[in-house]
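The next block holds one structure in the form of structure tokens; read it before the comments.
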Amino acid sequence: MLTYLPLRCLGLKSLVCISFDCGVIGAMAARVKYSWSLALVLLCIVSLSYFGNAADIGASFVFGDSLVDAGNNNYLPTLSKANIPPNGIDFKASGGQPTGRYTNGRTIGDIVGEELGVPNYAVPFLSPNSTGKAILYGVNYASGGGGIMNATGRIFVNRLGLDIQIDFYNTTRKQFDKLLGPSKAKDYIRKSSIFSITIGANDFLNNYLLPVLSIGARISETPDGFIDDMINHLRDQLTRLYQLDARKFVIGNVGPIGCIPYQKTINQLNENECVDLANKLAKQYNSRLQNLLTELNGKLPGATFVVANVYDLVMELITNYEKYGFITASKACCGNGGQFAGIIPCGPTSTMCKDRDKHVFWDPYHPSEAANLIIARQLLYGSTKYISPVNLKQLRNL
């Protein structure tokens, strides 16, 4: 008697024949063949379970700047890098070694993924292992120095602007078709995956407000004109992602960039002061961003655009830092120069605080992991004060 067990998973198109012949030789052969077949069946179950779990959880596609870069800049010839100690000193997954994250531990994107049950961090697109099944739980395209506008961050020589990041996602989108098949890939991306975009701060800090290099631009273009350009460009970028099957979006607005240690230091401010112009530009952009996302929610069928109110979230931490267990919201934990250690970026020769979880800012520009944790949990579970029209947990379940 012959029993045929079809094994089509894992790309196996042949049939495994299990023979149950009488006699010693036949029995031994059957046992050997049965063992191999059982092993293949178990592999199939594991594989199906892997793809099944991925379908339940979905992928996290992360776009943005250094706030969420997970290591893409490691692979670029750029002046903006964080793959040097003591960056990553509290990142448990690497044993405290730098990974290219611009903080002492996890980014907001890392924490959100963990809380949503994703078993692996979204792999940086430029890393060698961003192929095959590794991409099923998500890909990170973010780049330190990147912005909405292509000219943003040119001071760093190389960086990935949002246009290039979307080009790279287009490559990933084609890989999903090969991994899952076109129909399943479309459902997986549309129904189960979240697209997070954290960008815009560099368009001000390292473009419009950049000392010396931006003087000509500011003379020829008003703040309103520059923000118009940002919004129009972002509209095209988000629409392009929609055309590539993105449906669930969370867009972070620009934080209070006038309050970061770098801005306070170079402008020689007091501890409780912030740079008015920088914050005014951020708020002006954020208002326009809100209008844009409302427009796109009504214009693009099936899409949900969520705005993360990063500005108010970070301002709350800065204003009421003691309430959250911090001892300072002005001084960088890792950095050098000036009253707030805000001039020289974090590196091996930097002064570093011992109580890293007591500082809102890790370095002159970026929040600490402790601050990222508070921000991420508000985005996941918080009210419409900080994320609207739904929070990330609700967005995942839509």
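The values are calculated or read from the model by the stated rules, or taken from the named source; none is laboratory data. All figures in this text were calculated on a predicted structure; none of them were measured in a lab. Cβ: placed from backbone, ideal geometry, glycine included. Neighbour counts: every protein chain shown.
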* Tell me which residues, restricted to region 128-171, are over 28 Å from Asp229 (Cα atoms) and more than 14 Å from the chain's Cα centre (by Cα). => Pro128, Asn129, Ser130, Thr131, Gly132, Lys133, Ala134, Leu136
* Structure fact -> For region 68-100, the count of residues that are farther than 22 Å from Thr172 by Cα, touching a Ser or Thr at 6+ places or on another chain (Cβ under 8 Å) and either among the β-branched types (Val, Ile, Thr) or crowded, with 17+ Cβ neighbours inside 10 Å (or both) equals 6
* To do: Please find, within region 232-243, the residue that is farthest from Ser193 (Cα to Cα) out of those that are in contact (Cβ under 8 Å) with a residue 60 or more places away in the chain and surrounded by fewer than 16 Cβ atoms within 10 Å (Cβ to Cβ).
  => Arg235
* Here are Leu179, Leu126: which of them is closer than 27 Å to Asn207 by Cα and assigned by TED's automatic domain parsing to the domain that holds Ala201? -> Leu126
* Asked: Looking at this structure, is Asn270 outside any helix (DSSP H, G or I) and not hydroxyl-bearing (Ser, Thr, Tyr)?
  -> yes
* To do: Check region 313-331 and report whether any residue there is in a loop (DSSP other than H, G, I, E, B), on the phi < 0 side of the Ramachandran plot and buried (at least 22 other Cβ atoms within 10 Å of the Cβ).
  => yes
* Asked: Are any of the residues in region 364-383 touching a residue at least 24 places away in the same chain (Cβ under 8 Å), of a type in the set (Val, Ile, Thr), part of a loop (DSSP other than H, G, I, E, B) and within 24 Å of Ile197 (Cβ to Cβ)?
  -> no
* Asked: Which of the following residues is surrounded by fewer than 21 Cβ atoms within 10 Å (Cβ to Cβ), touching a Pro at 6+ places or on another chain (Cβ under 8 Å), on the phi < 0 side of the Ramachandran plot and not charged (D, E, K, R): Asn291, Asn279?
  -> Asn279
* Kindly indicate whether any position in region 22-29 is over 30 Å from Leu398 (Cα atoms), at pLDDT 50 or above and among the aliphatic types (A, V, I, L, M). => no
* To do: Report, by residue number, each residue of region 102-117 that is under 13 Å from the mean Cα position of the chain (by Cα) and either surrounded by fewer than 24 Cβ atoms within 10 Å (Cβ to Cβ) or not in a helix (DSSP H, G or I) (or both).
  => Tyr102, Arg106, Thr107, Ile111, Glu114
